[in-house]
Each structure stands twice: as structure tokens, then as C-alpha cells.
1. For the protein assembly as shown, build the charge dipole from Cβ charges (+1 Lys, Arg; -1 Asp, Glu) around the Cα centre, then report which of B:Tyr307, A:Gly309, B:Gly252 sits farthest towards its positive end.
2. Take B:Met153, B:Met282, A:Met180 and order them by how many other Cβ atoms sit within 10 Å, fewest up front.
3. Would you be so kind as to identify which of A:Phe172, A:Ala503, A:Gly483 lies farthest towards the positive end of the dipole of chain A, taking Lys and Arg as +1 and Asp and Glu as -1 on Cβ and the Cα centre as origin?
4. Send over the semi-axes of the range A:240-426's equivalent ellipsoid, whole angstrom and largest first, taken as the square roots of 5 times the C-alpha gyration tensor eigenvalues.
5. Whole-Å semi-axes of the range B:193-339's equivalent ellipsoid, largest first, each the root of 5 times a Cα gyration tensor eigenvalue?
6. Separation between the B:Lys274 and A:Ala156 pseudo-spin-labels, each 7 Å from Cα along Cα→Cβ, expressed in nm?
7. Net charge within 13 Å of B:Trp23 by Cβ-Cβ distance, Lys/Arg positive one each and Asp/Glu negative one each, not counting B:Trp23 itself?
8. Can you give me the pair-distance distribution of the range A:83-133, C-alpha pairs, 10 Å bins, whole percents?
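Every number in this text was worked out from the coordinates using simple rules, so none of it is lab data. Please read all numbers here as calculations on a predicted model, not as lab measurements. Here the Cβ positions follow ideal geometry from the backbone for every residue, glycine too, while neighbour counts run over all protein chains shown.
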Amino acid sequence: MTDTASRELPLQEIDEVIIRFAGDSGDGMQLTGDQFTSISAALGNDLSTLPEFPAEIRAPQGTLAGVSAFQVRISDFDITTPGDAPTVLVAMNPAALKAQLHNLAQGGALIVNTDAFNERNLEKAGYASNPLDDGTLDDYRTYPVPMSQITRDAVAEHGVKPRDAERSKNFFALGLISWMYTRPVEPTLEFINTKFRGRTQVIDANTSAFKAGYNFGETAEIFEAHYEVKPAPLAPGEYTNVNGNTALAWGCIVAGQLARLPVFLGSYPITPASDILHEMSMKKNFGVRTFQAEDEIAAAASAVGAAFGGALAFTSTSGPGLALKGETLSLAVSLELPLVVLDIQRGGPSTGLPTKPEQADLMMAMYGRHSESPLPVVAPRSPADCFDVAIEACRIALKYRTPVIVLSDGYLANSSEPWLLPDVDSLPDIGVEFATGFNGTNEDGDGIFLPYLRDPETLARPWAIPGTPDLMHRVGGIEKEDGTGNISYEPENHQLMVDLRQAKVDGVDVPDAEVAGDVDADLALLGWGSTWGAIDAAAGRLREAGFEVAHVHLRHLHPLPANLGDVLGRYRAVVCPEMNKGQLCDIVRAKYLIDVEHIGKIDGVPFTTGEVTDAVRKRLEALSSA
Amino acid sequence: MTDMSFTPTTQPGDWASDQEVRWCPGCGDYSILTALRMLMPSLGTEPRNTVFVSGIGCAARFPYYMNTYGIHGIHGRAPAIATGLAMARPDLDVWVIGGDGDMLSIGGNHLIHALRRNVKIKLLLFNNQIYGLTKGQFSPTSEIGKVTKSSPMGSLDAPFNPLAVALGAEASFVARTHDMDRQHMMDTFRRAHAHDGAAFVEVFQNCNVFNDGAFEGVTKKQNRDANLIPLRDGEPIRFGADGEFGVIDEAGCARVVHTADVSDDELLIHDESKHDPSTAFMLARLARGPFEPTPIGVFRAVRRSEYAMATTRQLAAAQQKQGAADIAQMLRSRGTWFV
């Protein structure tokens with residue numbers, strides 16, 4: 001970027017890098033990470049991101065509680081996780097260093113904003129002495145950079161108020177990292193112009209800070225080299241970078257188009273699901289009606305009402321909200337109306353860890369309603385997979401007239417990956433027909449409508465919406481007589497209806513489970529949801545180390561694939577990593593009497609590939625010595 | 001009140017379902033059911049475009065008895081279910097039926113939010129001041145000191161005044177009627193139906209099993225003259241066999257007076273379309289309970305943006321601005337690159 005390069009630094013080609021930007025929650029680390037991700041995506045790298053933010057909007061400045069981080073991994077090969085340990089850590093202040101240093105790989109590069117390491121900040125972070133010069137950082141390649149000062153100097157010419165001047169330092173950091181990994185500058189300059197349109201001073205300040213960071217890398221004689229990560233061999237086509245919540249929202253909207261039904265979302269804001277409400281609220285031109293309800297129950301109840309009216313209805317939430325919706329979902333089970341519930345799981349119990357992922361709502365999704373109240377459950381395995389799973393959930397809901405729960409989590413919600421855009425014309429038609437005429441006769445031979453007369457194949461009942469002539473009928477939570485839907489307290493009828501509701505869900509068409517990797521291995525890894533990336537990568541590492549492992553990953557959790565018992569029964573050992581205390585293990589054990597072994601992790605952080613690899617390697621070694 | 005130019009296409013019988021009505025003999029709900037079935041043909045609507053939504057309780061069985069579309073939901077949630085339905089289908093007539101426990105206790109939150117949003121649903125609260133279906137516990141409208149199975153020494157809970165709650169929630173239509181006067185019920189329900197927004201009607205309803213005679217002090221024929229105050233828009237508020245009583249505004253409080261003691265222009269003129277709800281609130285709180293002069297009729301009917309149509313207008317505006325639905329465009333909206 002400078003007219004004349006002051007010195008020639010070697011350009012080293014590397015196959016991947018994992019960078020973690022960490023700073024105060026007001027420092028703009030998410031924006032910095034997002035922008036670095038966008039540039040890298042455009043360069044054709046494969047990538048995966050992991051944002052990490054505090055539950056508080058602005059925790060006290062400079063404290064450990066206020067640290068916000070964004071990890072991005074870019075590579076020239078196919079990846080499925082944001083990486084275990086960052087190889088580069090950018091720490092904007094002592095708190096960020098203290099909170100994040102343990103993540104940094106041994107010998108990793110540490111870029112610190114030295115200006116922030118004053119007595120006050122050190123004390124707030126709980127450092128008794130300055131880690132920059134007390135040996136704490138001896139195991140790392142540390143690059144001290146006075147980011148605040150250089151940023152202030154760089155923006156001085158734009159007349160920015162002193163207290164605002166430092167706010168551009170995230171762009172300085174982005175500039176520096178862009179130089180280190182030879183990212184082009186133009187996309188970021190364009191981004192700044194678009195993002196801050198109309199605020200000339202902000203544009204000028206951020207542009208200057210960004211350029212200062214880039215030039216600093218080139219001219220300050222502290223770096224030994226800069227690096228290049230070549231494009232990954234991705235399948236040819238058009239890509240976008242998508243996170244799980246966006247993909248889920250888009251999937252719901254597209255499902256409405258594929259079903260030719262108006263979309264309705266009833267929702268109450270809750271972390272980490274709110275972005276679904278936001279995204280769908282911005283798509284009113286698709287005829288999407290969003291309703292920010294007074295509470296979680298009303299959100300679900302409004303969706304039931306909309307479904308009765310003939311809409312493709314959704315409600316989005318997280319664990320605490322799903323608990324509140326339980327009774328309403330059992331109503332939907334009883335009314336046999338299509339409804340899709342999006343549960344973006346987070347740490348619990350109670351408020352728990354609102355911004356951290358967990359997979360501990362599985363049992364609640366399966367059984368968290370009173371009485372016998374079965375409904376299908378599906379789970380996406382990656383951010384982009386959320387799109388397909390949303391459409392699959394809608395397909396099941398519509399075809400079988402049932403509520404369906406989608407179990408995503410806070411990790412999938414906010415992390416992103418490149419997504420090869422689907423061919424819109426090849427998406428499935430999931431439309432169903434409303435009932436329009438009589439489906440029975442009374443004793444006089446007159447036509448009548450039987451709202452609970454089932455399709456013999458799917459056991460779905462007819463969906464007759466208000467406005468349809470002659471098909472007026474009442475549905476309700478009280479037990480209904482088979483066929484007529486009239487209130488019935490008859491013992492035999494209740495048994496029949498309980499059995500029918502269960503049979504309908506048991507009969508949902510679910511594709512067979514597929515085995516990835518070494519089909520004939522002794523050990524199979526079993527997983528569901530967001531652990532897919534770590535399990536898949538761990539299986540890869542184990543194979544490189546000479547082991548054989550199979551991997552079965554479930555999209556459909558209820559009903560389970562029909563062949564699952566047979567498939568898992570073939571292995572000497574079945575190991576299931578889950579971010580819970582063994583919920584899928586328990587379900588599979590109970591259903592198939594297979595002794596599934598649990599690998600658990602419930603610390604609010606997704607499994608790393610290394611954690612899964614190590615745990616499974618131990619098991620494999622035990623197996624081979626047995 | 002009937003519009004003579006209108007020829008009904010249905011008869012009251014067309015609105016009755018084939019289900020046996022199973023309220024206790026003598027229940028006030030029967031007369032409300034009859035009033036609604038008789039009213040329906042004159043509303044210019046049809047059973048197929050009408051939906052009754054309810055929660056749980058004796059009143060909530062109502063939808064089963066109407067030959068319309070209907071949802072018998074779960075306790076308290078009927079206003080929320082109806083809101084979703086009315087938003088998805090602004091073309092429908094949506095009625096919500098519930099009791100005092102359903103709408104003011106477990107579903108109180110949904111009631112106030114449905115009212116403030118002004119979504120076009122008609123909410124009829126059958127107030128019998130008792131829990132009937134669970135066999136006789138005190139309700140959120142029961143008087144303090146009520147002795148019931150769950151309050152053997154008398155209830156300690158101060159009751160809600162349903163109309164005051166509705167007015168406090170910015171309801172655009174608030175009315176009261178009672179189960180002993182079919183014509184008054186029909187007139188009131190007709191007004192509620194015509195209202196373009198959320199309409200809230202409290203119906204004094206007798207539970208002859210668990211709270212018999214709760215409203216007798218005002219609804220029994222011989223008590224009506226002395227204790228029912230019919231509200232008529234634009235007219236001075238007078239009541240009594242010979243109009244010998246009236247209501248005045250005394251420093252912000254409604255007070256009953258002998259008309260002989262005041263000049264005519266001191267009487268409060270009822271103005272249901274007055275935007276400021278304080279006069280309606282004052283009237284709602286005139287009686288301490290159904291044993292002293294109590295206003296009935298339409299307390300408030302004001303125009304306010306209707307929620308479902310406002311939602312529809314936003315959809316149209318978004319189409320205008322963002323263009324019609326285009327999946328391919330949406331999937332590319334965050335930028336793309338080619339490999």
C-alpha cells in the first residue's frame with residue numbers, strides 16, 4: 001500500500017491460520033472478525049468462525065467479564081470447525097490477554113496493544129505485575145504494538161475528538177492482520193464506506209486507522225514474515241458466508257415459498273435466538289408476518305392460531321422459552337396442526353449461560369410436555385445445514401400436521417461458514433392441499449366433514465381452514481373422538497387416539513442413517529447437532545494416526561432412522577460426544593439396548609477436535625488391547 | 001336496531017352445532033349462547049368466516065356449540081391464539097370467549113396485550129366471580145372475604161374491576177352487559193362486532209351452582225330500575241323508574257345523585273368516543289360491586305389503528321420498497337463469491 005516498500009519481507013505460504021481477536025465488548029472485535037472473514041471468503045479460503053461474547057451488553061470496561069472475542073480459521077483445505085487453539089491472538093487490553101491467553105497455541109503469535117497495559121487496566125484484569133515484561137509471555141511470539149497511540153496519531157488530521165480517536169483501533173488491528181495474511185485492502189475500504197455511510201469523519205478515521213495498521217506491518221521491523229493462505233479446493237459455484245441463525249431464518253422463509261403458504265412467526269426476544277426474529281422481520285416483502293409477542297407462551301399460542309388459519313407458522317426461542325411453550329406445544333400435538341419450533345439451545349439450567357451453547361434440551365424436546373405428547377425433532381449439524389433442516393422440519397410439519405422442534409444451538413447460531421448456494425429450482429416442493437370438501441357421510445347419506453379422519457398412509461388429519469364453505473369444525477385440547485373430533489371421554493377412544501398420535505410420529509419418513517468413514521471399524525462415533533464438525537475432524541485425525549473409525553451423525557432425532565439399531569449394533573464400541581450429560585446416549589440405550597459411551601462437555605464452549613480425538617483415541621487403544 | 005334493508009342469509013339455527021350443550025341447567029351461559037346465535041344472522045357474516053376461540057373454563061366450552069370454525073385452546077391463552085389467527089387471516093370474524101379466571105387470572109397478560117395492540121378480535125368475558133369448572137374457588141373478580149373451598153376464612157385478594165383493567169390497557173372498545181337481558185346483550189355484541197379493533201365486553205353471568213345470585217342486586221327485574229344505569233351515547237346519564245337518579249362528575253369521581261337535587265346541565269353527558277379514557281374509567285369504578293348502581297352499555301368506543309391491517313400495510317409497503325419475494329436475491333443479500 002505504501003508507494004515504495006521499505007523492505008522486502010519473505011512471503012510464506014501456510015495451509016491454515018486460526019486468529020482470535022479479543023478486546024473489550026465495546027472495542028468492535030465482532031465487526032473486525034466479521035470483516036476479516038468476509039475478505040477471506042472472497043479470496044476462496046475455506047473458513048469457520050466462532051464468536052464469543054459476554055451476556056452483558058457492556059460489562060464494566062477493561063474487566064474480564066467484558067471480554068468479547070471472535071475466532072476465525074481460514075485454510076486452503078476443507079474444514080469443519082473453527083479450530084481448537086488459535087495460532088494468532090490479538091489482545092486489545094490486559095483483560096483480553098488474561099481471558100484468552102490460555103487458548104493460544106504454544107509458540108503462537110501474540111499481538112498486544114501495549115498502550116492498554118497501564119496500571120489501572122492491569123489491576124482491573126487482576127494482573128499483579130505487567131505480563132508484557134514478567135515472563136508470562138515467554139512461550140509465545142509476542143509482538144508489542146502501541147495501537148492506541150498510532151491510531152490516535154493516524155486519525156488526528158480528521159479532527160476526531162480525543163476520546164473518540166481510539167475507537168478506530170479495531171480497524172488498525174484489522175489493517176495489521178490484513179497485511180500479515182496478505183488480504184486485499186479494497187474490500188475493507190469499501191466496507192467502511194458502506195457501513196458508515198453519511199458519517200464522513202468516521203469513514204475517514206477508520207480508513208486512516210486501517211491503513212496505518214497495514215503500513216505498520218510493512219514498515220515496523222518487528223515481523224519476520226507475512227503469510228499467504230491459498231484458496232481451498234471448494235466445489236465450484238457461488239458462495240455466501242452464512243451463520244446458523246440467518247440460514248435458519250432463510251430456510252423458514254423459503255419453506256413458505258416452497259409450500260405456497262404465508263409465513264407467520266410468533267416470537268419473544270431471547271438470546272441466542274433473537275436474530276431469527278430480526279431476520280424474518282426484515283423479510284416482510286416475502287409476506288412474512290412477524291409478531292413480537294408479550295411472552296413465550298403467547299408467541300407459541302399465536303403460531304397455533306396462525307396455523308389454524310392456514311399459515312406456515314413458526315415460533316423461535318431458546319431453552320427457557322421452550323419450557324414455557326410446553327403446554328402450548330401439547331395443544332398443537334392434540335390439535336394436529338403444522339407448527340415449527342426453533343430452539344436455539346443455550347447453557348442452563350434457568351438463565352444459565354445465555355450466550356454459550358449446550359445440547360441439553362434434547363430430553364425436553366423429546367419428552368418435555370405433560371402426558372403422551374410425541375412430536376418430531378430434527379437438528380442441523382452446521383451453520384449452512386440450518387437452511388436445509390428448516391425446510392425439512394417444515395416438510396414434516398406440513399405432511400404430518402404436527403409440531404416439529406428444530407434443535408440448533410448458540411454455537412451454530414453465531415458461527416459461520418461458506419455456503420454453496422443451492423439451486424433454487426431444485427428445492428423440494430413441500431406444499432400440501434387444504435381440505436375443500438366433505439370426507440364422510442352421516443346416516444342419512446348427507447356429506448359431512450370429519451376433521452380427524454386420517455390419511456391412511458401418513459395418519460395426518462385434513463387441514464380445513466376457516467373460510468372454507470361447509471367444513472366448519474371445532475378443534476380443542478379435550479380428547480377428541482376419532483374421526484368426528486367431537487369431545488369424547490370414552491376409554492377405548494382415548495387409548496386409540498394416544499396410539500394414533502404416537503403412530504403418526506413414529507411413521508414420519510426419515511432417511512436411513514448413513515455411516516461416514518470406515519464402515520467396518522470397531523468403533524463408531526455417534527453424534528447429533530453442532531458437534532458434527534469436531535467429530536468429523538477428530539475422525540479425520542484418528543484416521544491419519546492409523547485408526548479406523550466410523551461416524552454416524554443424526555439429523556432426525558425423533559423418530560430415529562429405522563436402521564439405526566442395526567447400524568450401531570455392528571460396532572464393538574459406540575461413543576457419543578455430546579454437550580450434555582448423555583441425553584442421546586440414554587435415548588439410544590433405552591431404545592436399542594446398545595451400550596453407548598458418553599463423552600460429555602458442558603462448559604459453554606464447543607468441543608475441540610483435540611478433545612474428541614484424545615477421548616476416542618483412549619477408547620480405541622483400550623479396544624485394541626482388549 | 002336491526003337494519004331493515006339487510007336480508008339475512010342464515011337463521012339462528014344455522015349457527016348451532018350438533019353438539020349437546022353441557023352447561024349446568026340454569027347457567028347464565030345458555031342465555032348468552034342464545035343471544036349470540038340469534039344475533040349472528042343479522043351481522044352480515046357467515047359461519048364459515050367466523051371463528052370462536054376460547055381457553056379453559058365453563059365459558060370456554062362455547063365454541064363447541066357454534067356451527068362455526070372454533071378452537072378450544074388452553075387456559076388463558078385464547079387472546080394470544082386469536083391474535084395469531086386474526087393476524088394471519090384479517091378476513092375472518094374472530095371471537096374470544098372466556099371467564100374471569102381464564103381472561104383475568106392465568107390469561108391476564110394476554111388480555112391486556114391484545115387490547116393495547118387493538119387487534120380485531122371480539123373478547124367476551126363471562127364474569128361470574130367464581131371458578132366454576134374447578135368447583136368453586138374464589139376468582140380474580142370475587143369480592144374480598146369470599147368464603148370458598150380455597151378460602152374457608154374468606155379470601156384476602158382484592159378483586160379486579162374488569163372494565164378498569166381493559167381501560168387501563170388502552171382498549172378502544174369497552175362495554176358491559178348481563179345475561180338477564182337478551183336484547184341488551186345482542187345490542188352490545190352487535191356494537192362490539194362492528195368495532196374495527198379489539199372489543200372487550202364484560203357479561204355479568206350467573207353461576208347458579210357456585211355463586212348463585214352474585215349479580216341479582218343489579219340484574220333482577222325488580223332491581224334494574226334502581227341499580228342499572230344504561231349508558232346512551234350523547235345523553236345525560238340518568239336512571240331510575242322515572243329518571244329520578246343521575247350521575248355527575250364530582251372532582252373527577254362519578255357520583256350518583258337525585259336529579260331533583262341538581263340542575264340538568266350538571267349531569268354527566270355520556271361520550272363514548274371521547275379519546276381520554278378517564279371519564280369511562282370513572283364510570284367503570286362507580287359501583288363497588290354488583291349491589292349498587294352500576295352502568296351498563298358501551299363505555300368507550302374510539303378509533304385507533306387496527307393491528308392486523310396495520311401489519312398487512314407494512315407487508316405491502318415492504319413489497320413496494322424491497323420488491324416482490326425473490327429467493328435467489330435473498331440468498332445473495334450478504335454478498336457472494338465464485339469458486
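1. Checked the options; the winner is B:Gly252.
2. On the way: B:Met153 7, B:Met282 20, A:Met180 23.
So the residues, fewest neighbours to most, are B:Met153, B:Met282, A:Met180.
3. About the Cα centre, the residue reaching furthest to the positive side is A:Phe172.
4. On the way: eigenvalues 92, 80, 44 Å².
Listed largest to smallest, the semi-axes of the range A:240-426 are 21, 20, 15 Å.
5. The answer is 51, 20, 12 Å, longest axis first.
6. 6.8
7. Summing Lys and Arg as +1 and Asp and Glu as -1 gives -1.
8. For the range A:83-133, the binned pair fractions read 28, 53, 19, 1 percent.
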